[in-house]
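Here you go, one structure.
The values are calculated or read from the model by the stated rules, or taken from the named source; none is laboratory data. Bear in mind the structure is a predicted one, so any value in this text is a computation, not a measurement. Cβ: placed from backbone, ideal geometry, glycine included. Neighbour counts: every protein chain shown.
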Amino acid sequence: MDLLELLAACIEQGRTAIAPTLVSPIERERLDQLRQLGAMTLAPADVIFCPHCEIRTVRVLAVGSGFCIDCGLVSLTAKDTLRLAPDGDWLRRRMAQALGLAGEPAWVIVPGRVWKIGDVRTAAQRRRVLFGQQIGDMMVLRVLLAAWPTHVGETPAVIVTTSPPDRVFLPGVPATLVPLPAAFRLRGGGLVADEAVWAGVGASAGLSATVRRYGPFSHDFREVTLPGEVMPIALTPAQAAIMRILWELEGALIDRRTLMRRAGVELEKPVDAFARNKFPQANRAYRVLVSSDRGGNYLISRNAIQFNHSS
């Protein structure tokens, strides 16, 4: 794990109180490197693990003392209470500098989760760059989608994120998700944009949805257009994973357990991921495109295969 991957993991996991003395020597060295860069900061914590029993938590009462439910009053050194936390302001400033946007303040779109870094302009188009952390949460995504018309609009957007892109569901918005460790590299005391990645983002943004398709599915299987229809149906990451497995089998049967295991979906049956009460349109797509032999085996239906041959 490189330094940016470690920083992204700390941010994504909400690790805002990392005790340097409790991590492995290798991770401690990397955290210290991030601290020297300014990406991590040391600050006293209000609650820590008891340095004596190392089981209970201790509430810091005052400088040099705390209370543990098992040990009672305990003496604390300054080192005991110091914790590392990612510095989000540092990260957003360095991202802006790497993209030539220094001087533009980061605008809050979703408090504590999503910021607008600025607009990157090329000869062909303008793209709005956002930074998002812990945005796999459905409530965060709802707020972001509600704010999208005001803060982003129809401008193509690039969302640099610490969240795994396959966990972020943003139907109907022109956005490309790029993991933080892929978008930038550390150099000196700051960040530089990865030219190959950003060139690829620009190229993919110019492609129409009809070019990058697998039969009725979009390039990432997050949308499906049923035969005879023009409006795509959005799919969740779990639904997309199931459809991708079935599509790649090209009409061959696969048993239920193997399908769900390969898709990484912890449900009993594939239809459970397409619950009609929650996802009526996705459920309709499932009924059209997925077939079963009623013996626990599934395959992509002829409707999808015929769509591929006719498109």
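I need the full set of residues from the range 292-311 which are among the aromatic types (F, W, Y) and either at pLDDT below 60 or within 15 Å of T225 (Cβ to Cβ) (or both), in order please.
Within the range 292-311, the subset among the aromatic types (F, W, Y) is 298, 307.
Once the filter is applied, which keeps residues that are among the aromatic types (F, W, Y) and either at pLDDT below 60 or within 15 Å of T225 (Cβ to Cβ) (or both), the range 292-311 yields only F307.
Continuing with this model, one more query. From the list L76, L37, exactly one residue is out of contact with any Cys (no Cβ under 8 Å at 6 or more places or on another chain) and either free of Cβ contacts under 8 Å to residues at least 40 places away in the same chain or small (G, A, S) (or both). Which is it?
On the way: L37 fails: either free of Cβ contacts under 8 Å to residues at least 40 places away in the same chain or small (G, A, S) (or both).
Checking each option against the conditions leaves just L76.
Sticking with this one: Please state which one of I117, I135 is without any contact (Cβ under 8 Å) to a residue 40 or more places away in the chain, in the same structural domain as T176 (by TED's automatic domain parsing), closer than 18 Å to V178 by Cβ and in contact with a strand residue (DSSP E or B) (Cβ under 7 Å, 6 or more places away or on another chain). Walk me through it before giving the result.
Values: I117 fails: without any contact (Cβ under 8 Å) to a residue 40 or more places away in the chain.
Exactly one residue qualifies, and that residue is I135.
Here's something else I'd like to know. Tell me which strands (runs of 3 or more DSSP E) are completely within the range 31-139 and hold 3 or more residues being in contact with a Ser or Thr (Cβ under 9 Å, 6 or more places away or on another chain) and of a type outside the set (V, I, T), or say none if there are none. Explain how you work it out, then say what you get.
On the way: elements: 40-44, 47-49, 57-62, 65-68, 72-75, 82-86, 107-110, 114-121, 126-132.
Those strands (runs of 3 or more DSSP E) span 65-68, 82-86, 126-132.
If I ask for residues that are within 14 Å of the chain's Cα centre (by Cα) and modelled with pLDDT under 85, which ones from the range 115-159 would you list?
Passing the criteria: none in range.
Another question about this same structure. What pairs come out if I take residues in the range 153-172 that are more than 20 Å from M95 (Cα to Cα) and pair them with residues that are of a type in the set (G, A, S) whose C-beta lies under 6 Å away, six or more apart or interchain?
Partner pairs satisfying both residue conditions: R167/G136; V168/G136; P171/A234.
Which residues, counting only those in the range 182-214, are surrounded by fewer than 16 Cβ atoms within 10 Å (Cβ to Cβ), in contact with a strand residue (DSSP E or B) (Cβ under 8 Å, 6 or more places away or on another chain) and at pLDDT 85 or above?
Matches in the range 182-214: V192 only.
Check off (1) crowded, with 17+ Cβ neighbours inside 10 Å; (2) assigned to a loop (DSSP other than H, G, I, E, B); (3) of a type outside the set (S, T, N, Q); (4) without any contact (Cβ under 8 Å) to a residue 40 or more places away in the chain for L226 and give me the number that stays unchecked.
Here L226 meets the rest and fails (4).
Out of everything in the range 160-181 that is surrounded by 14 or more Cβ atoms within 10 Å (Cβ to Cβ) and over 24 Å from G264 (Cα atoms), what residue ends up being nearest to the chain's Cα centre (by Cα)?
Of everything passing the filter in the range 160-181, V160 is nearest to the chain's Cα centre (by Cα).
Return yes or no: is G188 in the same structural domain as R113 (by TED's automatic domain parsing), without any contact (Cβ under 8 Å) to a residue 24 or more places away in the chain and on the phi > 0 side of the Ramachandran plot?
On the way: in the same structural domain as R113 (by TED's automatic domain parsing): yes; without any contact (Cβ under 8 Å) to a residue 24 or more places away in the chain: yes; on the phi > 0 side of the Ramachandran plot: yes.
Considered against the rule, which asks whether it is in the same structural domain as R113 (by TED's automatic domain parsing), without any contact (Cβ under 8 Å) to a residue 24 or more places away in the chain and on the phi > 0 side of the Ramachandran plot, G188 comes out as yes.
Related question: Condition (residue is in a helix (DSSP H, G or I) and outside the structural domain of Q33 (by TED's automatic domain parsing)) applied to the range 153-160: is it met by at least one residue?
no
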